[in-house]
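Chemist: Take this structure first; my questions come after.
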Amino acid sequence: MHEIAATFPILSTLIFLPAVGALLIIFFARPERRELIRWSALGFSLLEFVFSLYLPLTYDTANPGLQWVERGVWIKRFGINYILGVDGITLLLVLLTTLVTIVCVLASWNDIKVKFKWFMAMLLFTETCSLGVFMSMDLFLFYIFWEAVLLPMVFIIGIWGGGRKLYSAIKFFIFTFVGSLFMLLGVLVLYFYHGAATGVYTFDSTILFQNPVIPAVQFWIFIAFFLGFAVKVPLFPLHTWLPDAHTEAPTAGSIVLAAVLLKLGTYGFLRFSLPLLPNASMRFAPLLMVISIIAIIYGALVTIAQKDMKKVVAYSSVSHMGFVMLGIFALNIDGFRGGLLQMINHGVSTGALFLLVGMIYERTHTRNIGDYKGLMKTMPVFGAFFLITVLSSMGLPSTNGFVGELFILIGAFQAYPLYAVFAVVGVLLGAVYLLWLFQRVFMGDFFYNGKHVLEDLCFREIITGAALLILIFWIGLCPKVFIKSMDASLNEVVRLVDVNSKKALAAAQPPVVAAVEPQAPASRVGR
Amino acid sequence: MIFNNAAIMQTLNVNLNAVAPVALMTVLAIVLMVIDFFLKRENKFSLGIVTLIGLVLILPVAATTVDPAPAFGGMVIADAYAAFFNVVFIIAAIFAVVISNDYLRKISSERGEYYYIIIFATIGMMVMASANDLVNLYVGLELMSLSFYILVAMRRSATGAEGALKYFILGAFSSGILLYGITFTYGFAGTTNLTEIARMGVNLSSANHYLLIAIIMLVAGFAFKIAAFPFHLWSPDAYEGAPTPVTALLSVGSKAAAFAFFLRFFGGAFHEFHAHWAGLLWILSAATMLVGATVAIQQKNIVRMLAYSSIAHAGIILIGVVVMNGFASAGVMFYMFVYAFMNMGAFTVVALMARNDGTGKSISDYKGLAGRRPVLAFVMALFLLSLAGIPPTGGFTAKFFILASAIEARYYWLAAIGVISTVISLFFYAKVIFYMYMKEPDALDDMAPVTQAPSTLAYNIIIFITAVSTMVLGLCPTPVMDMAIAAVSHL
């Protein structure tokens, strides 16, 4: 039994199971059999989730390295391999992805009217590709999944979106494609410099982590990686595709976009930019923290001005993802913890907000804030769900948002105290737009500018929302479990950044100069 | 007899093995001409079947005839490199022939000469790929070009005549320039044999102006054949005017033939002067990529769009020629191989969608295709994504190798321009995909092209083969890439 467990390709199974499900649905379900399609999609996403629970159950929290590793040679001549692995950084992201897919299937239960089976297939393809991004440890394989995840998402926005769906889909496609192609150039530069320096030409990141390239080259690779990752995050000023894509996407599309796809960017920074390019990361960190703070405050201010509920949530994503970036580029363990936890939190809370906005939109087909008032009276359960999610999103203690933001602020304070002060302003502004949204829509006397009957949530909707609400409190009340699962791997990132930056400096300097005491670390301590 | 025949045979090195594929193709063409003579007009389709059988039989011969020693007094060289390109040409010809049968019936211009002129064009390409002498190259080039001039005009319509005439006049002019370049080469080197030129290359003064003039003229001649900016103006009209299968063969075959010689010429004989011609090709490559991709955006006709896209592709492939090391050359060969499949696939769908009167080629005719013909829309999307270079398709892998070779040789700016051109080209590829999946058909055009497009067995087979190959080349490029690298190592 243990033998089987050791050799069974659990990660490959996890990646490709949804794709198999999608193909089965495409080929064997007739379009008019909606019941069959939705139940089999739900079945596959549930099966996938159950399989993914195998990971936390057998996960070794003390081991910072990759677990359940699978290795295979793909294109030998160019050192391209098929390497999968999960560690503390990706464990939670994988679980988030598998959970969110269930939520998405349930959210589109009645929401999607046309080409239903293709929609479900696209959702499952998105899951396959995002899991592939999280698990690939070979940069070529990573890039393949990174690009591939674009396609189902573009189709979800472009086919099932509303309003200016074509415009939004094209904008999303072009923005991310530009970024990723420059990232590809960066990967190639890294590959050839590493090969020339060590004689080993490989895309295997576990080998690339051992020998960082010299800082001068890191500088350019970092910019290339930055373009690829920052567009996905999306970091100010590359965020303009996000409001369009979010607003026009169907509910499930918005959820998966917010909960999973935005995480790919921050994940890329944490996983690849920092250990591979430590010197450049340190050099750019202050700048990136400033940009993050601009994103936090600018995103929050723009959010306040929105009249459309979905736009509120969309722009709040810009602000929240700014927090994640702030934590990651604080370059210390607390910042990493907060950044990674906030990635999960944002997935849960913003995913839940999109879900709830989608529920009301499904009933009334309007998201205009001015069309509603005092919904608490007619839809108390919905109101309660919304209130909890809003509070979690603004980081109320005992909810998940508080833990994540706290760690980020601690991390940022250790790096640059002043930046943490500015970031706190963002937290305050977050409270403003979220509470104001809640007040305008749910408080006061009931008013609805339309003819539809406003029914409270049905059983399916309660189940869907509850799945995310449980996580909000679970992370909020006992964050220790979650922090513990990521600590070993995050400490490894801290160590790699430290060790690799010294290695790269040593490699860049001729042996004679290396005898002189390096100045740079001393000056960093001084501030 | 004054001469001893055996001695002449010795010096000339008459090695029939080296020309076996070309000889067999010629036999095939002659057989077709004879059969054509006895066939009634309504039975011309059987010529297509004979052509197909002949090509399929010759394919393994062309793939295996490898004899790296120059034959016929150094005129011909049948190495693995030539064999690789021969395979590309014959595959492209097979695809063109298979879809021609139905297409010619659709536009009711079934004619026997069509098939053997395709064979002659292919022979011209094969001669170019195995030419080791500029004179022999020129013969192959002219054979190919003259055949294509006729093929482009085959439809006997106004657009066909316009395209063919533009192609012919400009093509004849560029042939003249190329020939002038060859004479200059002869002038400074005293020979037209590539092996000889390569041998004496080191002895020549690097500041030889005649050499530079020769290079410029040869580049201009070939740039015309691959439709590189600013020699590209004929291609959209010729592509639009020609019967679609011919367009497909023209875009794949004549381009591959020109690149085959490009690599042999600049990688072998002129490799010593890399510094002289690399800059010229750098500019040509960058301009071609950007112009092709930018102008394609404005096109409303899908054939014209694919014409400009093929110009952009020529620019990308030129990156590999600029870099010109083993890896880059293999990348160019791999690119041509993948391009044969994805471009042929795309043109097959276009041929299928075209209506009897030659319409149905507008991009707006593709609106809502996914709703009516999901499989057709899906494969078209696959070909377009591959042309755009999105993983995990063959087009991505091919582009990846080319960009990687540029990065390796530190042509960072050229690689960056390649990326920018790829991004620009996403606009028009994605536009067709979006039209197919996210738009409803126009009321006037409703159903017309889609219902009049019967998927015959021939179309289905070609679409299936090209689609599967496009995917397989993306997921496991190793066998073909290894073949290309092995072939390049003998150059």
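The values are calculated or read from the model by the stated rules, or taken from the named source; none is laboratory data. These figures come from a predicted structure and were not determined experimentally. Note that we place each Cβ from the backbone using ideal geometry, even for glycine, and neighbour counts take in every protein chain shown.
Chemist: Residues in the stretch A:43-60 that are at pLDDT below 90 and over 22 Å from the mean Cα position of the chain (by Cα): how many?
Modeler: 3
Chemist: It is to be established whether one or more residues within the stretch B:386-401 are surrounded by fewer than 21 Cβ atoms within 10 Å (Cβ to Cβ), closer than 29 Å to residue A:115 by Cα and touching a helix residue (DSSP H, G or I) at 6+ places or on another chain (Cβ under 6 Å).
Modeler: Yes, the conditions are met somewhere in the stretch B:386-401.
Chemist: Identify the residue in the stretch A:143-172 that is out of contact with any Phe, Trp or Tyr (no Cβ under 8 Å at 6 or more places or on another chain) and more than 8 Å from every other protein chain (Cβ to nearest Cβ) and, among all such residues, is nearest to residue A:256 (Cα to Cα).
Modeler: Among those that are out of contact with any Phe, Trp or Tyr (no Cβ under 8 Å at 6 or more places or on another chain) and more than 8 Å from every other protein chain (Cβ to nearest Cβ), it is A:149.
Chemist: I need the helices (runs of 4 or more DSSP H) fully contained in the stretch A:309-412, keeping only those with at least 1 residues that are within 22 Å of residue A:236 (Cα to Cα).
Modeler: A:309-328, A:333-364, A:380-393
Chemist: Could you please find all residues in the stretch A:197-215 being in contact with a Gly (Cβ under 9 Å, 6 or more places away or on another chain), within 14 Å of chain B (Cβ to nearest Cβ) and not aromatic (Phe, Trp, Tyr)?
Modeler: Matches in the stretch A:197-215: A:202 only.
Chemist: For residue A:175, only one of the following conditions fails: (1) out of contact with any strand residue (DSSP E or B) (no Cβ under 8 Å at 6 or more places or on another chain); (2) crowded, with 24+ Cβ neighbours inside 10 Å; (3) under 30 Å from residue B:477 (Cβ atoms); (4) more than 9 Å from chain B (Cβ to nearest Cβ). What is its number?
Modeler: If we test residue A:175 against (1) out of contact with any strand residue (DSSP E or B) (no Cβ under 8 Å at 6 or more places or on another chain); (2) crowded, with 24+ Cβ neighbours inside 10 Å; (3) under 30 Å from residue B:477 (Cβ atoms); (4) more than 9 Å from chain B (Cβ to nearest Cβ), just (2) comes out false.
Chemist: Let me ask you something else. Just checking, how many residues over the stretch A:376-391 are in contact with a Leu (Cβ under 7 Å, 6 or more places away or on another chain) and either at positive phi or of a type outside the set (Val, Ile, Thr) (or both)?
Modeler: 5
Chemist: Among the candidates B:127, B:87, single out the residue that is at pLDDT 85 or above, under 24 Å from residue B:262 (Cα atoms) and surrounded by 24 or more Cβ atoms within 10 Å (Cβ to Cβ).
Modeler: Just one listed residue meets the conditions, B:127.
Chemist: Here is a further query. From the list A:27, A:16, exactly one residue is within 15 Å of residue A:128 (Cβ to Cβ) and either modelled with pLDDT of 85 or more or assigned to a helix (DSSP H, G or I) (or both). Which is it?
Modeler: A:16
Chemist: Taking only pairs six or more apart or across chains, which ones have beta-carbon atoms under 9 Å, a first residue in the stretch A:66-91 that is within 12 Å of chain B (Cβ to nearest Cβ), and a second residue that is among the basic types (Lys, Arg)?
Modeler: A:82/A:71
Chemist: For residue A:50, all conditions in the list (1) surrounded by 13 or more Cβ atoms within 10 Å (Cβ to Cβ); (2) of a type outside the set (Lys, Arg); (3) assigned to a helix (DSSP H, G or I) hold save one; what is the number of the exception?
Modeler: Failed condition: (1).
Chemist: Give A:281, A:254, A:273 a once-over and let me know the one that is in a helix (DSSP H, G or I), in contact with a Phe, Trp or Tyr (Cβ under 6 Å, 6 or more places away or on another chain) and closer than 20 Å to residue A:493 by Cβ.
Modeler: Checking each option against the conditions leaves just A:273.
Chemist: Keeping to the stretch A:455-473, report how many residues are loosely packed, with under 15 Cβ neighbours inside 10 Å and either in a helix (DSSP H, G or I) or among the hydrophobic types (A, V, I, L, M, F, W, C) (or both).
Modeler: Residues flagged as loosely packed, with under 15 Cβ neighbours inside 10 Å and either in a helix (DSSP H, G or I) or among the hydrophobic types (A, V, I, L, M, F, W, C) (or both) within the stretch A:455-473 amount to 7.
Chemist: Are any residues in the stretch B:129-174 among the small types (Gly, Ala, Ser) and either assigned to a loop (DSSP other than H, G, I, E, B) or farther than 20 Å from residue B:304 by Cβ (or both), and if so, which ones?
Modeler: Scanning the stretch B:129-174 gives B:129, B:130, B:131, B:140, B:145, B:147, B:157, B:172, B:174.
Chemist: Against the condition within 13 Å of chain B (Cβ to nearest Cβ), buried (at least 23 other Cβ atoms within 10 Å of the Cβ) and touching a residue at least 24 places away in the same chain (Cβ under 8 Å), how does residue A:133 come out, does it pass?
Modeler: Judged against the criteria, residue A:133 is a match.
Chemist: So, one more: Being more than 7 Å from chain B (Cβ to nearest Cβ) and either in contact with a helix residue (DSSP H, G or I) (Cβ under 7 Å, 6 or more places away or on another chain) or under 13 Å from residue B:391 (Cβ atoms) (or both) is the filter here, so list the residues in the stretch A:185-196 that pass it.
Modeler: A:186, A:187, A:190, A:193, A:194 - these are the residues of the stretch A:185-196 that are more than 7 Å from chain B (Cβ to nearest Cβ) and either in contact with a helix residue (DSSP H, G or I) (Cβ under 7 Å, 6 or more places away or on another chain) or under 13 Å from residue B:391 (Cβ atoms) (or both).
Chemist: With respect to residue B:334, is the statement that it is within 14 Å of chain A (Cβ to nearest Cβ), under 25 Å from residue B:93 (Cβ atoms) and either crowded, with 24+ Cβ neighbours inside 10 Å or among the polar types (S, T, N, Q) (or both) true?
Modeler: Yes, satisfied.
Chemist: Mind checking whether some residue in the stretch B:427-440 is surrounded by 24 or more Cβ atoms within 10 Å (Cβ to Cβ), assigned to a helix (DSSP H, G or I) and small (Gly, Ala, Ser)?
Modeler: No, there is no match, as no residue in the stretch B:427-440 is surrounded by 24 or more Cβ atoms within 10 Å (Cβ to Cβ), assigned to a helix (DSSP H, G or I) and small (Gly, Ala, Ser).
Chemist: Any residue in the stretch B:408-423 that's modelled with pLDDT under 90: show its pairings with residues that are outside any helix (DSSP H, G or I) at Cβ separation under 9 Å, as long as the two are six or more apart or on different chains.
Modeler: B:408/B:325; B:409/B:324; B:409/B:325
Chemist: Kindly indicate whether residue A:185 is under 30 Å from residue A:124 (Cα atoms) and under 24 Å from the mean Cα position of the chain (by Cα).
Modeler: Considered against the rule, which asks whether it is under 30 Å from residue A:124 (Cα atoms) and under 24 Å from the mean Cα position of the chain (by Cα), residue A:185 comes out as yes.
Chemist: Follow-up question, since we're still on this one. Touching a residue at least 60 places away in the same chain (Cβ under 8 Å) and farther than 18 Å from residue B:249 by Cα - does that describe any residue in the stretch B:85-104?
Modeler: no
Chemist: Restricting attention to helices (runs of 4 or more DSSP H) lying wholly within the stretch B:227-274, give those where 2 or more residues are more than 19 Å from residue B:149 (Cα to Cα).
Modeler: B:255-264
Chemist: Now for a separate question. Condition (residue is in contact with an Asp or Glu (Cβ under 8 Å, 6 or more places away or on another chain), crowded, with 17+ Cβ neighbours inside 10 Å, in a helix (DSSP H, G or I) and not acidic (Asp, Glu)) applied to the stretch B:210-220: is it met by at least one residue?
Modeler: no
Chemist: Restricting attention to the stretch B:386-420, report how many residues are assigned to a helix (DSSP H, G or I) and either over 21 Å from residue B:295 (Cβ atoms) or more than 10 Å from chain A (Cβ to nearest Cβ) (or both).
Modeler: Residues that pass the stated criteria total 21.
Chemist: Hey, does the stretch A:29-48 have a residue that's under 29 Å from residue B:400 (Cα atoms), within 14 Å of chain B (Cβ to nearest Cβ) and touching a residue at least 40 places away in the same chain (Cβ under 8 Å)?
Modeler: No, the stretch A:29-48 contains no residue that is under 29 Å from residue B:400 (Cα atoms), within 14 Å of chain B (Cβ to nearest Cβ) and touching a residue at least 40 places away in the same chain (Cβ under 8 Å).
Chemist: Just the residues that are touching a residue at least 60 places away in the same chain (Cβ under 8 Å) and touching a helix residue (DSSP H, G or I) at 6+ places or on another chain (Cβ under 6 Å), please, taken from the stretch B:56-69.
Modeler: B:62 - this is the single residue of the stretch B:56-69 that is touching a residue at least 60 places away in the same chain (Cβ under 8 Å) and touching a helix residue (DSSP H, G or I) at 6+ places or on another chain (Cβ under 6 Å).
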